[in-house]
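The values are calculated or read from the model by the stated rules, or taken from the named source; none is laboratory data. Note that this is a predicted model, so its numbers are computed, not measured. A quick note on method: Cβ atoms are made from the backbone with ideal geometry, for glycine too, and the neighbour counts reach across all protein chains shown. To get the accessible areas, we keep the full protein, side chains included, count just its heavy atoms, and leave off ligands, DNA and RNA. Shrake-Rupley method; radii C 1.70, N 1.55, O 1.52, S 1.80 Å.
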Amino acid sequence: MTNEPRDMIVIKDLHKHFGNVKAVNGVSLTVQKGKVIVVIGPSGSGKSTMLRCINHLETPTSGEIWIDGVKLGHNEKELNETRAEVGMVFQQFNLFPHLSVLENVTIAQKVVRGRSKEEAQEIAMKQLTRVGIPEKADSYPNNLSGGQQQRVAIARSLAMNPKIMLFDEPTSALDPEMIKEVLDVMLDLAKEGMTMVCVTHEMGFARSAADEVLFMDAGVVVEHTTPEDLYNNPKEERTKLFLSQILQH
């Protein structure tokens, strides 16, 4: 086993246009195995669009995306196989309201991974324990707090044994007192060495968990640096302005 850094995500000159709007305008990024990349920036800066292009929820207008050495293309079978290696957690929890927590965490395992009911349930309980809510297995989403629902969504992704986790503003729909419980789970994942790309406004999380921070604005990466340099020594005026606004709150 070599300790060579392994590129898990490679984005080359990514463009995504919606009509005349250039949502992502020439972004390139390499994410190595075990690294945590936090993407910050104002609303409409292209952060979420870039994230959604990584697993082809949005089809890029041009550019290349490679996941663990496999180039994403238009072959539906290959695309689905690669997508299965990438977990994604959204602002909204996207849980099935008519299914219990346990059923929510097992359904994709059975359908996509082809696991037996018993194996899927065993893995589901392990992941629910990992996110701190094994006692909620038989509850329904409507009986959970927002923070608990988001932790179920994270457990559901982890149960698929992804190589990469993508987080799209996972705390933005939560009440302030629930944000910490979700960020704590994400911090634990970072410590365990999960490769992660997180779009978030939680600057404390960026500071404590990120290996690198991208500041995006108007579809481009304005600054790509370490959390320390971002806070203490931002290079670009646009970054300084954004930080001065967000850190006042």
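For the stretch 136-241, which GluC sites (Glu not before Pro) pass both filters: DSSP loop (anything but H, G, I, E, B) and at most 15 other C-beta atoms within 10 Å?
Taking the stretch 136-241 and a limit of 15 other Cβ atoms within 10 Å, the loop GluC sites (Glu not before Pro) found are Glu192, Glu236.
Please compare each pair in Lys16/Lys235; Lys12/Lys110; Lys71/Lys180; Lys110/Lys136; Lys16/Lys240; Lys33/Lys71 to a cut-off of 28 Å on the Cα-Cα distance and tell me which ones are over it.
The answer is Lys12/Lys110; Lys71/Lys180.
Which of rounded, prolate, oblate describes the stretch 64-199, given a ≥ b ≥ c as roots of the alpha-carbon gyration tensor eigenvalues and a/c under 1.5 marking rounded, otherwise prolate only if a/b is larger than b/c?
oblate
Quick check on the stretch 81-125: take the gyration tensor over C-alpha atoms, sort the square-rooted eigenvalues as a ≥ b ≥ c, and tell me if it's rounded (a/c under 1.5), prolate or oblate.
Oblate, since a/c reaches 1.5 and b/c is not below a/b.
In what sequence, highest mean first, do 93-102, 43-52 appear when ranked by Cβ atoms within 10 angstrom?
43-52, 93-102
Which shape class, rounded, prolate or oblate, goes with the stretch 1-109 when its Cα gyration tensor gives a ≥ b ≥ c as root eigenvalues, a/c under 1.5 marks rounded, and past that a/b bigger than b/c marks prolate?
It is oblate, given that a/c is not under 1.5 and a/b is not larger than b/c.
Counting alpha carbon pairs within less than 8 Å and at least 6 residues apart, what relative contact order, in whole percent, applies to the stretch 40-109?
So the answer I get is 16 percent.
Can you sort Asp7, Asp217, Asp138 by 1.4 Å-probe accessible area, starting with the largest?
Largest to smallest exposure gives the sequence Asp138, Asp7, Asp217.
Leaving out ligands and nucleic acids, and using a 1.4 Å probe, what accessible area per residue does the chain come to in Å²?
Result: 48 Å² of accessible area for each residue.
Over all directions, the average projected area of the alpha-carbon convex hull for the chain comes to how many nm²?
14.4 nm²
Rounded to whole Å, give me the distance from the Cα center of the stretch 67-104 to that of the stretch 127-155.
Between the Cα centres of the stretch 67-104 and the stretch 127-155 lies a distance of 19 Å.
Restricting the count to DSSP beta bridges whose residues both fall in the chain, what percent are antiparallel, rounded to a multiple of 5?
Percent antiparallel among DSSP bridges in the chain is about 55.
Between Glu85 and Ala173, what is 0.36 nm times their sequence separation minus the Cα-Cα distance? Round to one decimal in nm.
29.1 nm
Give me the one-decimal nm value for the distance between modelled label points at Val112 and Ser145, 7 Å along each residue's Cα-to-Cβ direction.
So the two model labels end up 2.8 nm from each other.
Would you compute, from DSSP H runs of 4+ residues alone, the mean residue ellipticity of the chain at 222 nm, taking -39500 (n - 2.57) per run and dividing by the full residue count, rounded to the nearest 500?
Rounded to the nearest 500, the figure is -11000 deg cm²/dmol.
If you rank Arg207, Arg156 by how much accessible surface each has, with a 1.4 Å probe, what is the order from largest down?
I get Arg207, Arg156, largest accessible area first.
Once you have the Cα-Cα distance between Lys180 and Gln245, take 0.36 nm times their residue separation minus that, and quote the gain in nm to one decimal.
Additional length available on full extension: 21.2 nm.
Rounded to a whole number, what % of the accessible area of the stretch 107-233 do carbon and sulfur atoms account for, probe 1.4 Å?
46 percent
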